[in-house]
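Novice: I have a structure here, written as structure tokens, and I will follow up with some questions on it.
The values are calculated or read from the model by the stated rules, or taken from the named source; none is laboratory data. Just so it is clear, the structure is predicted and the values come from calculations on it, not from any experiment. Ideal geometry is used to build each Cβ from the backbone, glycine not excepted, and the neighbour counts take in all protein chains shown.
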Amino acid sequence: MKKAFVSGQLGEKESVRALYAELEQREIKITHDWTRTDNIDSDYTKNSEEAGLRAQKDIDGVFDADLYILLADNEKQGKGMYVELGVALSQKKHDISKEICIVGPLNHMSIFYFHPDVRHFSDMQDLLLFIDSQKENGDG
């Protein structure tokens, strides 16, 4: 079974959850659902132990995924999602089967969006068509 991790901005949890539902319909397992954790104060020093545990779960989720997806259409710029993208790119060097996908308009530019191992999709439907075509070709 294929496994996926989806990165996005904290304020875009509903979009991430909608993508999770589409992926699960395609029998793709979500490695870590960060959208279901309770919000903690963004001053992580007040909850440093909890923040550390959540960071570890996110990184483990990226490592455990065959398919890493970053939703780039967020209105506010995220920070953690770019760390997760970096983890996926570094892992790709050792695991050539890992797919790295960026979905949506590139609202907040990063040089890493243009890394040669990154695939771009205009929207979630485009991504889902790609995933479906891989499954039809026996790649997924």
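Novice: Filter segment 69-122 down to the residues that are over 23 Å from Trp34 (Cα atoms) and among the aliphatic types (A, V, I, L, M) and list them by number.
Specialist: Scanning segment 69-122 gives Ile96, Met109, Ile111.
Novice: Among residues belonging to segment 88-117 that are hydrophobic (A, V, I, L, M, F, W, C) and surrounded by fewer than 19 Cβ atoms within 10 Å (Cβ to Cβ), point out the one that is nearest to Gly8 (Cα to Cα). Give the steps one after another, and end with the answer.
Specialist: Step one: of segment 88-117, the residues hydrophobic (A, V, I, L, M, F, W, C) are 88-89, 96, 100-103, 106, 109, 111-112, 114.
With the extra rule that they be surrounded by fewer than 19 Cβ atoms within 10 Å (Cβ to Cβ), the set shrinks to 89, 96, 106, 109, 111-112, 114.
Working: Leu89: 16, Ile96: 23, Leu106: 12, Met109: 14, Ile111: 17, Phe112: 15, Phe114: 18 Å.
If we take residues in segment 88-117 being hydrophobic (A, V, I, L, M, F, W, C) and surrounded by fewer than 19 Cβ atoms within 10 Å (Cβ to Cβ), then Leu106 is nearest to Gly8 (Cα to Cα).
Novice: Just to be sure before I move on: is Lys135 at pLDDT below 85, under 26 Å from Met1 (Cβ atoms), of a type outside the set (Ser, Thr, Tyr) and assigned to a helix (DSSP H, G or I) in the structure I sent?
Specialist: So Lys135 passes the test.
Novice: Looking only at segment 1-31, filter to residues that are free of Cβ contacts under 8 Å to residues at least 60 places away in the same chain and not in a helix (DSSP H, G or I); which one of those is nearest to Gly104 (Cα to Cα)?
Specialist: Restricting to residues being free of Cβ contacts under 8 Å to residues at least 60 places away in the same chain and not in a helix (DSSP H, G or I), the top hit is Ile30.
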